[in-house]
Structure formats: C-alpha cells, structure tokens
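Taking it in order: structure first as structure tokens, then the write-up.
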Amino acid sequence: MTNPFRTLALAAALLTPASAAAAPQESGAGDDRYPVSTALEQGLSPIVLDGLGDLVQSFVDDGEIVGAEVMVIKDGRTVLHEGYGWRDREAGVPMEPGGVFCIRSMTKPVAGAALSILVDERKLRLDDHVAEYLPSFDVDGKRDITVEHVLTHTSGLPMSLLLGKDLKSLDGIRAVADLGADCELLFAPGEGFHYSDQGTDTVTALIEVTSGMPAADFVRTRLLEPLGMEDSACVLPKDHPLRARACSKYTGSPNAWNRYWKPDDEALFPFFLGSQGLYSTLEDYARFLELYMKKGRVGKERILKARSVRRTLEEGAHPMKGPTGFPGLEVGYGSLMMLYTGEDEDGEEELVAFGHNGSDGTYAWAFPKQRAMVLYFTQSRGTLTGFEVEERLGKLLLGVPFDPIQLAPPLEEYLGYYWEGEGDRYRTILRDGDDLALEILGKAVKPLTYIGEDRWKLQPGVVLEFDRSEAGEVTGYRIGDHQEFRFEPAADLPTGDEIAARVAEAHGVANLKTAGTVHVRSKIEMEKLGLSGTSEGWFRAPELWRVDEQIGEEFGRVSFDGTDVHYHSKAQGVTTLTGPQAAASREGSLFARFGDWRAWASDVQVIQRIVAGDDVVLLVRAGDTSSHAPTFYIDEATGHVGRVDSMTYLENLGRIGQSVRFGDFEEIGGALIPHRTQVNLAHPLIGPIVTTIAEVEVGVDVPDGHFGLKD
C-alpha cells in the first residue's frame, strides 16, 4: 500500500521542465497576426473598452480633434479597431480603419532599430565618434559626439535646425546632419538630455553611410518588409498608392483646426527624415512594436539581437522630463524609445510600457506584462488628448485585473452533471474557487472563461457553449460538433449514505483498530520511465498513517498525525501541507478510500449506474458541484472499490488528473486491502505506476512522533 500522492510527486520530480510542456509556436510575419476577438474573450472589461471608444468619440464631438483611429490588441487579437470623425473633413471623407498617417516622431524608434541592426552587424559601434562617418563633425566641440549620444538624445544637439529651411534646397539626409556641425551645443556630449530631431536625423545619415544605401531603402528592406509592414513608406511621393488612404493634416487648436496638407498635395518631405518622415498604419506600427515584445524576433527570424532590444528599453543616465496620463507611472527614454516605468511589488523600478508619440497627434504603447498594444492615431497636430487616453488605458490594462465572470449569468444556472447519453460516464460543470470549470473524470478540471452569451473559453481556440430550453434553463453544452446533455441521477439509484456504509462494511477498515499499527512494504514499478522503487507504509486506525518512498535518487515521506499532513523530500525538510495538496494527500490514504467516506466528504451521491463487462458498477461522487471531488467506482454486488478518479497536486506539474485502479484484494488485520494498485496519471510521459505489496506486519511498534515525521 502506498500513498499515490507521494508516488506521483516523486515521478514528477524526475521530469525535466522541458518535458513537461512544449514551447508554443510563433507565427511568421506573413500571418494575419491580429484576428478579431472580443474584450471578454481576451479578459478585458468590455465596459472600460467601450468607454475608451466613447472617449475618443467625445474628442471629435467636442472639437478636440478632427478624426482618429484606435486599435487595441490583446494576446495577438484585435478587440477594438475603429475610426472616429473625419479623414478629410472638408472633402467629407470619414475616418475608417486602415488610414495612412504621417506618424512624425514615432519614426524615431524605427530609425533606432535600423541603426541597431548595423551595430549588431558590427558596421559601427556605439562608442564610435560620429565624426568617423560624417567628416563635418570633425570640428571642435563636435568630435566627442558618439553614436550612442545621438541614439539617446544626449549629444547636446538642439531640437531642430530645419525651421525656416526649404528641404528641397538640401541634398538629402547627410546635408541635414551636416547642419549640426555649425550649431552651438546645448551641453557637452553625454552631460544631459535634450530631445532632438537633429540628433535623430544624424542617426539617419549614419544609417545611410554605414549601410552603403539610401536610408529609406535600408529601412524598407531590413525592417518594413521583414515585419510585413506593407502599408508603410519612408517617403510618400504624389504617385504612391498609399495616397488613396492618406489622412489630411490639421493644425491649430480645438474647434479651430485648419487643414494644411491633403492627399493630392506635394510630399511634405522629399527624402526620408528618421526624425519624423515615416507614413504608416496602426496595424503596421503594431507589427513594429511586436518586434520588441518578441525580443527581436519575427517568427523564427531574428531581426535584432537581444542585447539591442534590452538597450533600447533601458532608461538612459539622464532622465527625460515629460508628462504621462498613466497613474503612478513616470516617462523616461531609452534608445529612441519612450519608456513608462513604475514600481513592482518589491518597490523596484520596472518597465510597464514602451512606445512613442508623434507631433501630428499619433500615439502607440506596448505593455509587455499584459501582452497588449494600443495605438491611437489622429491627424490633429499638437493635440494633448493622448494623455486622457493613457488615463483610460490605466483602467483597462493596469488597474485591478478584470474578471470576465463578473458579467456572466449566475453560476448556479450551469452547475450539474452532463453526458452524451445513457451509459456514458458523466462530466461535471462545477465551481472552481470563484470560477466555473469542466471536470473530466480522472483527466482534468478545465477552467472556463466567460466570453459572452453562454459561451465560455475552454482553452485557446476552443469554446464551450451552453444550450438553453425555451424556458431559459440550461439543458446541455456543445464543444464544436460534440454535444452533451444535462441530467439528474436516476431515482432508482441507492443513496450515498447506503453505499458509503456498504463500502465501509465490505472493506472492514474499522477492524484495524484491534490490529494495532500495520506495517506494509511494497514494490513500485514505473515501466515507461524505466524506474523502480520501494514503499513502506504504517497505518493505525482510525486515521493515523505514514508512507516513505524511494524511487531512484528521489525519496519522500508523507504522513497524517490526526491533525496535520506532513511532508519531507530530498529538496526540503519537514513541512506541513495545507490547502489542495493536503486534501489530495488525505484523500489518497487507505482510510479515506476504503473507510467511511462520510467522515471527510461533505456530500456523497450516487450519480449513475454503468455496466462494465459482467459487473454492474455505481459511480459515486464524494462531493458536490461546489468543487472538484473524487469519483469512486463501486461493484454494486460486493461493495468493493475498484477504481477512483480524482485530481492530485504535483510540485512540478500543479493540478493534474489521475485514475487509480485496485485489484487482487487480500485480508490484512481484518481489513480487505488491494494487493495491487495501478495509478494512471493524466500525463503522457509518465505512464502507469504499479505498486504491489511484498510484506505485511501487524501490531508493530513505532516511536513517538512517527506519524509526525519527527523520528
């Protein structure tokens, strides 16, 4: 006799983490990466999400902006993508999803990523001086500017040197960068922070020089195309096909917006400015942010080395002082990337979000921990509405986690027993803590997540949908084409009390009271893993027990002293188990399985009668639908326990289903005990675990504290 809880824990300890779960596969750049879903399906509050849309609509209604497009992505799925207001107010063109925006300073992270690729390829180094590549910087005061300085706004270069200049008079991006050679620095390189378009345009010139091709071509071939950003362009000439979806641009102030550019006008920028020149869509820019969410990879292709990703998302030595609408967060700056930081549970600073905004009213944020991205694009230059959007995103993504079950019908409507029909073993819809779950006998308790209209997500891509009668009562559920029906146990079944009493009498565990302490030695065989071991158990009625096991180099001891369950393994000293682990261990004991279940089960109910070969078997549940519970298979003729399906808890695997079969019963100390026990764990790598009694002693002496693991 063994305690299967301990045996399985030992087995799990022998499994490596790699064998316990396969790594998820990532999609490639060509996939439709953001299919439509709902807020409930992705665990977001539909009320707060609707409020976000209402907020943006109010900006339009109040004249705060001319138009906007919003996209919210959670776990790779789009839960909101809408247009508001006007793409071109004067022409009467409404804003619709898919608009092409000039994203202004949101170009900077793209330029930073392009230069990082060249750093990864050792075409230049961060501590190289800009003057090594741009000779115009080989002058007093500018020689000390490094590549890292222009990547982090710490070069001392001013905001812009293009004001009042006609870009057509400049011969490309190198001419823009050369303007910096003649200006006065705001501070010595590396001694401060000053947001600088001029510095980023210098980055763009470095891309051109070190790659040997126009910066626009390098960005397109090394970033936009690999990322699948087909609706983005570094330059937008009049004949470009994206012009058909381009958003007109407005400047001014609330309720006084003036259109200063429309899609049939000349291009704003004759060549690519890494500080502000990119045109893009919300979905395309999400693909760029995802590059950093996936730590530099797109599918199996690596675009950026991990160290470049880390450097981009690490705050620089000099703080960026700027406002943020996120409650409790501060905004900082990495390598051409805005960073939003807060304190973790230990009071340490942590990165909460990253992204960038643009002066034409575009904003984008990525939330790594929440696996979410949000994009809010307007074409109303200088709008500050993004800060109000940030405040709303704080509620949507960073506040108290939303539990979709808050919007579900009362769980009592679903609780009960279900089957395919007569003769099929039952399934249970039950409470799992405060949630709902599907229990499959001996296999699993599958959590259910409410996604609206009697639909519950069983696992990614699998939905369980309940059926109702015309009167509104739940009658069953469907999973794809599979259907199960709700049922009540038949009226002619014996009561739970009757069967519990019969089992206790048939096995006679109470007779052990006169036998003293029973000592049982058993062999353990795990054929699939090629392992074997030994088990020693001590049992004293009415409920004291202890089991010591050894499998390979792993050992474990578990016991019950009448009050607490104690546990000791190779990895730790003696501890007291609580909660589900303690309950699983007690339910696996000799006294719990073959004694009177009513001593520990809150409710015992006979659920169904099935035919197994020549035997008629009763399925008896030792518990109700308030939580998962073991189901006993009882021979109706003899009252013997032939099998029990239940859940157990393993250190490495967590909660997992098990089916335990008993056979070759023999009398020990006046009790009928299985000589052979086989445990089948709901894990494909472990296989059957068989224990067989080798030797029994009755009335043995044990030292004080033996059942508390104190000897």
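The values are calculated or read from the model by the stated rules, or taken from the named source; none is laboratory data. Since we're looking at a predicted model, the values are computed, not measured. We place every Cβ from the backbone using ideal geometry, glycine too, and count neighbours over all the protein chains shown. Each accessible area value is taken on the protein alone, full model and side chains, heavy atoms only, with ligands, DNA and RNA left out. Shrake-Rupley method; radii C 1.70, N 1.55, O 1.52, S 1.80 Å.
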May I ask you to evaluate 6.51 cos²θ - 1.76 cosθ + 1.60, the Karplus curve with θ = phi - 60°, for each residue of segment 424-434 and list the ³J(HN,Hα) values in order in whole Hz, giving x for glycine and proline? 7, 5, 7, 10, 10, 9, 9, 7, 10, x, 8
Report D434's accessible area, 1.4 Å probe, all protein chains in place, as a number in Å² to the nearest 10. 130
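Taking Cα pairs under 8 Å and at least six residues apart, what relative contact order does the chain come out at, in percent? List each step's numbers first, then the result.
On the way: 1562 pairs, mean separation 96.1, N = 711.
The normalised contact order for the chain reaches 14 percent.
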Accessible area per residue, 1.4 Å probe, Å², for the chain: what's the number? 43
Set of segment 680-711 residues, backbone N closer than 12 Å to the point 7 Å along the Cα-Cβ line of Q459: 683-684
Centroid-to-centroid separation of segment 433-458 and segment 379-425 [C-alpha atoms, Å]: 15
Taking the Cα-to-Cβ direction at D120 and at D664 and moving 7 Å from each Cα, how far apart do the two end points lie in nm? 6.1
In Å and from the alpha-carbon atoms only, list the Rg and Dmax of segment 617-664. 12.4, 40
Take every Cα-Cα pair in segment 47-97 and report what % of them are more than 14 Å apart. 53
In terms of the charge dipole of segment 80-161, which places +1 on Lys and Arg and -1 on Asp and Glu at the beta carbon, the residue among A113, P94, L126 farthest towards the positive end is P94
Using per-residue counts of other Cβ atoms within 10 Å, averaged over each peptide, order 104-111, 521-528 from highest down. 104-111, 521-528
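Note down the Stokes-Einstein diffusion coefficient of segment 407-465 in µm²/s, whole number, using a Kirkwood radius over alpha carbon pairs, 4 °C, and 1.567 mPa s.
108
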Based on the Kirkwood radius over alpha-carbon pairs, what is the Stokes-Einstein translational diffusion coefficient of segment 286-346 at 37 °C with 0.692 mPa s viscosity, in µm²/s? 254
Sorting check: for 326-335, 602-611, which peptide has the highest mean count of neighbouring beta carbons within 10 Å, and how do the rest follow? 326-335, 602-611
With equal scatterers on the alpha carbons only and no solvent term, can you work out the Debye log10 of I(q)/I(0) for segment 351-429 at 0.17, 0.25 1/Å? -0.76, -1.15
Leading residue at positive end of dipole, the chain (Cβ point charges), from T517, T202, A471: T202
Rg(Cα) of segment 136-258 divided by 2.2 N^0.38 Å? 1.24
Could you size up the charge dipole of segment 215-317 around its Cα centre, putting +1 on the beta carbon of Lys and Arg and -1 on that of Asp and Glu, and report it in debye to the nearest 20? 520
Would you kindly derive the ³J(HN,Hα) couplings of segment 273-285 from the backbone phi angles with the Karplus curve 6.51 cos²θ - 1.76 cosθ + 1.60 (θ = phi - 60°), listing them in order in whole Hz, with x for Gly and Pro? 9, x, 7, 6, x, 6, 9, 7, 10, 5, 5, 4, 5
Enter the Cα centre distance for the pair segment 336-365 and segment 552-580, rounded to the nearest angstrom. 45
The chain: spread of alpha-carbon positions along the three principal axes, whole Å, largest first, is 104, 61, 38
Give the Rg (one decimal place) followed by the Dmax (whole number) of segment 438-571, computed from C-alpha coordinates and expressed in Å. 23.0, 61
Under 18 Å from the 7 Å Cα→Cβ point of E420, by amide nitrogen: which residues of segment 445-478? 464-465, 476-478
Defining a contact as two alpha carbons under 8 Å apart and six or more residues distant in sequence, what relative contact order in percent does segment 633-699 show? 20
Residues whose modelled amide H sits under 5 Å from the amide H of Q608, counting only those 5 or more places away in sequence or on another chain, are L619
Please work out the Cα center distance from segment 203-243 to segment 278-322, rounded to the nearest Å. 17
In the structure shown, do any of K446/K710; K262/K294; K249/K395; K123/K395; K108/K168; K74/K443 have a Cα-Cα gap over 32 Å, and if so which? K446/K710; K262/K294; K123/K395
At 1.4 Å probe size, put L685, L134, L179 in order of accessible surface, largest to smallest. L685, L179, L134
Accessible area of W597, 1.4 Å probe, to the nearest 10 Å²? 0
What list of ³J(HN,Hα) values in whole Hz, one per residue of segment 406-413 in order, does the Karplus curve 6.51 cos²θ - 1.76 cosθ + 1.60 (θ = phi - 60°) give from phi, with Gly and Pro shown as x? 4, 9, 7, x, x, 4, 4, 5
At 25 °C and 0.890 mPa s, the Stokes-Einstein diffusion coefficient in µm²/s for segment 496-627, with hydrodynamic radius from the Kirkwood sum on alpha carbon pairs, is 146
Of the heavy-atom accessible surface of the chain (probe 1.4 angstrom), what whole percent is carbon and sulfur? 48
Here the relative contact order (percent) of segment 566-711, from C-alpha pairs under 8 Å and at least 6 apart, is 12
At a Förster distance of 51 Å, what's the computed FRET efficiency of D497 paired with E391, Cβ-Cβ distance as r, to 0.05? 0.30
Nothing charged except the Cβ atoms of Lys and Arg (+1) and of Asp and Glu (-1): what's the magnitude of the dipole of the chain about its Cα centre? Round to the nearest 20 debye. 1360
Top positive-direction residue, dipole computed over the chain with Cβ charges, set A177, L529, T677: A177
For Y260, what accessible area in Å² do you get when you roll a 1.4 Å probe over the heavy atoms of the protein chains, rounding to the nearest 10? 80
